[in-house]
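The values are calculated or read from the model by the stated rules, or taken from the named source; none is laboratory data. No experiment lies behind these values; they were computed from the predicted model shown. Reconstructed Cβ throughout: ideal geometry from the backbone, glycine too, with neighbour counts over all protein chains shown. These area figures cover heavy atoms from the full protein model, side chains too; ligands, DNA and RNA do not enter into them. Shrake-Rupley method; radii C 1.70, N 1.55, O 1.52, S 1.80 Å.
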Amino acid sequence: MRRWRVLGVVALLVIPSAAPQGDERTRIVSTAYAIIGTLPYSWGGGHAPRPGPSRGTCAGYEGKIKPCPAKRTRGLDCSGLTRWVYHIAYGWDVLGPGNTDSHLKRLHRTTDPRPGDLVFFGKRKRTHHAGIYIGDGKMINAYATGTVIRVDEVDILDDLLGYYRF
């Protein structure tokens, strides 16, 4: 996988011979690591018809930074990040354009989390955050407005719903 910075936006180019070798789980983790620190969080970012960074929306925004910067910020929110990374790893949009609730419906809960699984927070029918589990109690996620894609402890939020696998 190669990474270029174009006009302040990261473009990931996945070339079959350059893509990380191994299964989807390896590609999920490798792709997520490749974009740490490169894209800002944007409420609603990543929910365009095709997966990947996009401008967000201010509809439903309740973040601390006012006024809402999402409409002018090209980036990803938490479910936009997981959607894009899974799209790159699997070669198609396995999670679809919805939010964390709709993504959860496409996955199976696991009690034996492995790197590449998704971590969800909230309640079963009302989730509010997702991240990509990388092992050792850590996840890569788009945490909140004002941050970039980053690594956090899974216990950064106190309402862990569980670990899920495609």
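Quick rundown of the values:
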item: Sum of -39500 (n - 2.57) over DSSP H runs of 4+, divided by residues of the chain (222 nm, nearest 500); result: -5000 deg cm²/dmol
item: Ratio Rg/Rh, restricted to the chain and using Cα atoms, in which Rh is the Kirkwood radius; result: 0.94
item: Free-standing Cys residues across the chain, given no other cysteine C-beta under 4.7 angstrom; result: CYS78
item: In Hz, Karplus ³J(HN,Hα) per residue of segment 83-96 (6.51, -1.76, 1.60; θ = phi - 60°; x = Gly, Pro); result: 4, 5, 5, 5, 4, 5, 5, 8, x, 7, 7, 5, 8, x
item: Solvent-accessible ranking of PHE120, PHE166, largest area first, probe 1.4 Å; result: PHE166, PHE120
item: Accessible area of ILE88 in the full protein assembly, 1.4 Å probe (Å², nearest 10); result: 40
item: Listed residues HIS47, SER79, THR147: farthest to the positive end of the dipole of the chain (Cβ charges); result: HIS47
item: Residues of the chain: accessible area per residue with a 1.4 Å probe, Å²; result: 52
item: Where only C-alpha atoms are counted, convex hull volume of segment 74-164 per residue in Å³; result: 96
item: Portion, in percent, of the accessible area of segment 48-166 that falls on carbon or sulfur, probe 1.4 Å; result: 50
item: Percent antiparallel among DSSP beta bridges (both partners in the chain, rounded to 5); result: 95
item: Within the chain, longest stretch clear of exposed trypsin sites (Lys or Arg not before Pro) (DSSP loop, no more than 15 other Cβ within 10 Å); result: 1-63
item: ³J(HN,Hα) computed for each position of segment 135-152 - Karplus, 6.51 cos²θ - 1.76 cosθ + 1.60, integer Hz, glycine/proline x; result: x, 6, x, 10, 9, 9, 7, 9, 7, 6, 3, x, 10, 10, 4, 8, 9, 9
